[in-house]
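Quick notes on the structure that follows.
Every number here is computed from the coordinates shown, using simple stated rules; none is lab data. Quantities reported herein were computed from a predicted structural model and do not represent experimental measurements. Reconstructed Cβ throughout: ideal geometry from the backbone, glycine too, with neighbour counts over all protein chains shown.
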Amino acid sequence: MSLFAPASCPRLIVKIGSALLVDEGGAVRRDWLAGIAADIAERARAGQQVAVVSSGAIALGARRLGLPKGGRASLEDAQAAAATGQIALSQVWAEVLGAEGLTAAQMLVTLDDLEHRRRYLNAAATLGRLLGLGVVPVINENDSVATEEIRFGDNDRLAARIAQAAGAQGVVLLSDIDGLYDRNPALAGAQHIARVERIDAEIEAMADAGSASGMGSGGMVSKIAAARIAGAAGAHLAITSGRIERPLSTAARHTIFVAEKGASARKAWLAGGLTARGRLVIDAGAVKALQGGASLLAAGITSASGEFARGDILDIAGPDGRTVARGLSEYPAADAAAILGLGREAQAAALGYAPRSAMVHRDHLVLL
């Protein structure tokens, strides 16, 4: 994993899946976790700052409460398991990191914490301060209050969003698989993909949505989504197997998703968003204009949907339905609907006030 050496990657986010941290009986794999702590300590001594996104709370809590299906039989079971398991999970992390002379800190976040700009900046400031103090933040989704409608649902994408908030240069997803294959790796002839320069339709078609262990909530689809989020923020992402001892210090096969040239912090936040309040469909001419760096004008929009206010995030789709951009609306939904397809003079008549310069200004818009 030379790509994630301290010299080239001052800040690293490490995500650990439930199947690695918790055994089939619902107990912590403590010896393996102690090896992870030793790896983190080595990196810290070399000058690297590491944050951990740790699954496992639901699996641990389900065992303690005797809940079926690993605590995932219902939302209520998952919330109860998370509340019970999180305290045990944080204690284990504090102990194994403490044995290496490191201080652990717990951060529980919800989707809203990272989707709302002000709360995102608050989380980013906390992460930055903790890492600057030499603390190892251990982060998880706050599943005890998350709902089906408002949640990350997997820690792969959470890790990518945390990397973005922390200004990290790399993300390692430790998983029960050693990377991306051109088809389900259980099938004969499956070929491992070592490096991905660009995530396109061909790469997305290789993903298998299943979680091999049955314990986690994300498969390869979520990992590719995470790579897209991390890459847009300028962070490389690796998927590698955690089914070995000391996986952060042992050379092993993996898939590297190479980051794009870093966007501005605000545009990276927009690109990494998982929720949008509305959707605009635009014509081919407008797509070309956006690709050339222009703002989105009402004249190029063919339809709008959703209940959104000025400043809300909108997905922007081309005539084929594919989302091509995301941006902040300059209008509430009712006013946006009133001026679709209209030129500037006609907009003034429809609105009864002077129109804004664009529906979505290029300064608040990012191509996907």
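In region 45-84, what is the volume of the convex hull around the alpha carbon atoms, normalised per residue and reported in Å³?
Values: hull volume 3.3 nm³, N = 40.
Spelled out: Cα convex hull of region 45-84, divided by residues, is 81 Å³.
Among DSSP beta bridges whose residues both lie in the chain, state the antiparallel percentage, nearest 5.
Around 40 percent antiparallel, to the nearest 5.
How big is D, in µm² s⁻¹, for region 264-335 by Stokes-Einstein at 37 °C and 0.692 mPa s if Rh is the Kirkwood radius over C-alpha pairs?
Stokes-Einstein gives a translational diffusion coefficient of 267 µm²/s.
List, in order, the whole-Hz ³J(HN,Hα) value for each residue of region 187-202 obtained from phi through the Karplus relation with A = 6.51, B = -1.76, C = 1.60 and θ = phi - 60°; use x for Gly and Pro.
Taking θ as phi minus 60°, the curve returns 8, 4, x, 5, 10, 6, 9, 7, 8, 10, 7, 8, 8, 10, 4, 5 Hz for region 187-202.
Let's see if you can work this out: charge +1 on each Lys and Arg Cβ, -1 on each Asp and Glu Cβ, no other charges. What is the dipole magnitude of region 2-269 about its Cα centre, in debye to the nearest 20?
Numbers: 28 positive and 28 negative charges, 148 e Å.
I would put it at about 720 debye.
Divide the volume of the convex hull of the Cα atoms of region 223-368 by its number of residues and quote the answer in cubic angstrom per residue. All intermediate terms of the calculation are to be shown ahead of the outcome.
Numbers: hull volume 17.9 nm³, N = 146.
Hull volume over Cα atoms, normalised by residue count, gives 122 Å³.
Return the calculated 222 nm mean residue ellipticity for the chain, to the nearest 500 deg cm²/dmol, obtained by summing -39500 (n - 2.57) across DSSP H runs with n ≥ 4 and dividing by the residue count.
-10500 deg cm²/dmol
Any idea what Rg and Dmax come out to for region 29-172 if you just take the C-alpha atoms, in Å?
15.2, 44
Which entry is the computed Cα Rg over 2.2 N^0.38 Å for this structure: (1) 1.05; (2) 0.89; (3) 1.10?
Of the listed options (1) 1.05; (2) 0.89; (3) 1.10, (1) comes from this structure.
Work out, step by step, the length gained on full extension between LEU367 and SER74: first 0.36 nm times the residue separation, then minus their alpha carbon distance; give nm to one decimal. Mind dumping the intermediate values first?
Values: separation 293, 0.36 × 293 = 105.48 nm, distance 3.71 nm.
Contour length minus Cα-Cα distance gives 101.8 nm.
Top mean-square fluctuation among GLU115, GLU197, GLU330, Gaussian network model of the chain, C-alpha springs under 10 Å?
Highest fluctuation among the options: GLU197.
I want the local charge near SER303. Using Cβ-Cβ distances under 13 Å, sum +1 for each Lys or Arg and -1 for each Asp or Glu among the other residues. Each step should come with its number before you reach the end.
Details: positive: ARG279; negative: ASP283, ASP315.
With Lys, Arg at +1 and Asp, Glu at -1, the net is -1.
If you fit an axis through the alpha-carbon atoms of helix 155-166 and take the longest principal axis of the Cα set of the chain, what angle between them do you get, 0 to 90°, nearest 10?
Its long axis makes an angle of about 70 degrees.
Where does helix 220-232 land angle-wise versus the long Cα axis of the chain, in degrees 0 to 90, nearest 10?
Compared with the principal axis, the helix lies near 60 degrees.
Run through every distinct alpha carbon pair of region 128-199 and return the Kirkwood hydrodynamic radius in angstroms, one decimal place.
Answer for region 128-199: a Kirkwood hydrodynamic radius of 15.3 Å.
Can you tell me the 0 to 90 degree angle between the C-alpha axis of helix 75-98 and the longest principal axis of the chain, rounded to 10?
60 degrees
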